[in-house]
Amino acid sequence: MNISARDIQAFLALAEVRNFTRAAARCHLSQPAFSALIKALEDHVGLKLFDRSTRHVLLTQEGERFWLSAQRIAEELEDCAKAMRDTAQLARGHVAVALLPSLAAGWLPGVLAQFLARHPGVEVAVQDVLSEPCITAVAQGEADFALAAIRADTPELQAEPFCRDGFHLVCRDDHPLAQQAEIGVPDLQPWPFVHLARHSSVRQYLDVALFPQTLRTLVEVEQLATVMGLVQAGLGISVVPALSLFHFDKPGLCTRALQLPAMERQIYLVRRRGRSLSVAAQALYRLMQDMRPACVTA
């Protein structure tokens with residue numbers, strides 16, 4: 001059975017006004033064309049939907065039942081059309097983004113504040129996770145795009161450079177390194193060191209920059225806030241990305257830019273290859289590009 005939205009609209013118009021001439025005018029059709037459309041609809045359903053006379057047009061019993069379904073279909077079509085119009089105008093929609101915790105906590109709030117001020121009807125989901133889960137979220141369709149420290153160029157994913165991130169020493173302001181003019185790897189080695197977990201991009205960049213030398217590991221932790229607390233307590237020193245320095249803007253702490261080989265982290269914007277973003281996702285994607293962090297290198 002092939003019933004179109006036009007068929008439904010014509011049926012409802014005739015059921016309401018009960019006159020072929022007025023119903024045809026409402027549907028912007030000539031009366032012969034409108035009559036042919038109603039006849040074709042009845043042929044499609046295999047039932048007589050209207051009783052016609054020279055004075056009246058009335059729904060048959062079968063027409064009454066069809067009217068209930070036609071009303072529901074018309075309402076659903078209108079709801080669907082309105083939803084599409086709202087989406088096109090960014091009055092509603094949904095976007096999911098995955099990004100590194102350092103970006104999610106420090107840079108993202110300002111971006112989202114501006115985005116939601118422009119598009120308050122759009123729902124935003126955020127995953128603040130490390131690089132590998134960011135990539136997985138995009139690959140599995142759980143995120144529209146991601147900001148990660150992995151160049152995920154694959155047949156399924158594409159990556160473009162987003163920003164660069166330098167690294168800084170963090171220590172107490174009464175620590176000997178806080179007053180030192182230049183800091184190299186030998187200067188870090190004597191002190192207890194608070195490491196981020198081995199699967200973090202920060203740790204991987206640091207290990208590459210220091211190889212084959214090692215540091216005196218005090219402890220390995222997952223969260224930058226934990227690094228801050230341990231350093232603030234005087235238990236050790238650490239090295240963190242510039243994009244996370246807001247965590248360490250605390251009384252008694254000192255941060256110093258480091259210039260070590262290979263100590264510059266590239267952040268990539270990752271999305272699925274060959275797939276269009278939704279209207280809402282595209283709007284956030286463009287705003288993030290417009291408001292990308294300055295390249296914060298040492």
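Counting only DSSP beta bridges whose two residues both lie in the chain, roughly 60 percent are antiparallel. Accessible surface computed residue by residue for segment 167-258, with neighbouring protein chains in place and a 1.4 Å probe, gives 48 Å² per residue.
Helix by helix through the chain, keep the DSSP H runs that span 20 Å or more along the axis on Cα and average at least -0.5 on Kyte-Doolittle, and give those back in order. Walk me through the numbers on the way to the answer.
Working: long enough: 31-45 (21 Å, 0.30); 61-88 (41 Å, -0.84).
Within the chain the helices that satisfy the rule are 31-45.
The GNM of the chain, with springs linking C-alpha atoms under 10 angstrom apart, assigns the highest mean-square fluctuation among Glu75, Glu182, Glu42 to Glu42. The amide H of Cys254, built 1.01 Å from its N in the peptide plane, has Cys171, Arg172, Asp173 as neighbours under 5 Å, considering only residues 5 or more places off or on other chains. Surface composition of segment 5-89: carbon plus sulfur atoms contribute 53% of the solvent-accessible area (1.4 Å probe, protein chains only, all chains present). When each of the peptides 152-158, 225-231 is scored by how many other beta carbons lie within 10 Å of its residues on average, the order from highest to lowest is 225-231, 152-158. Matching the structure-derived semi-axes √(5λ) of the Cα gyration tensor in Å against the labelled list (i) 29, 21, 20; (ii) 67, 17, 15; (iii) 37, 23, 18 gives the label (ii).
Computed from label points 7 Å out along Cα-Cβ, the spacing between Asp290 and Ser278 is 2.1 nm. Largest GNM mean-square fluctuation among Pro251, Pro32, Pro133, using the chain with Cα springs under 10 Å: Pro32. Secondary-structure-derived ellipticity at 222 nm for the chain, considering helices only, amounts to -12500 deg cm²/dmol, per-run term -39500 (n - 2.57) for DSSP H runs with n ≥ 4.
The values are calculated or read from the model by the stated rules, or taken from the named source; none is laboratory data. What you see is a predicted model; the values in this text were computed from it and never measured. Neighbour counts run over all protein chains shown; Cβ positions are idealised from the backbone, glycine included. The area values use the complete protein model at the heavy-atom level, side chains included, leaving out ligands, DNA and RNA. Shrake-Rupley method; radii C 1.70, N 1.55, O 1.52, S 1.80 Å.
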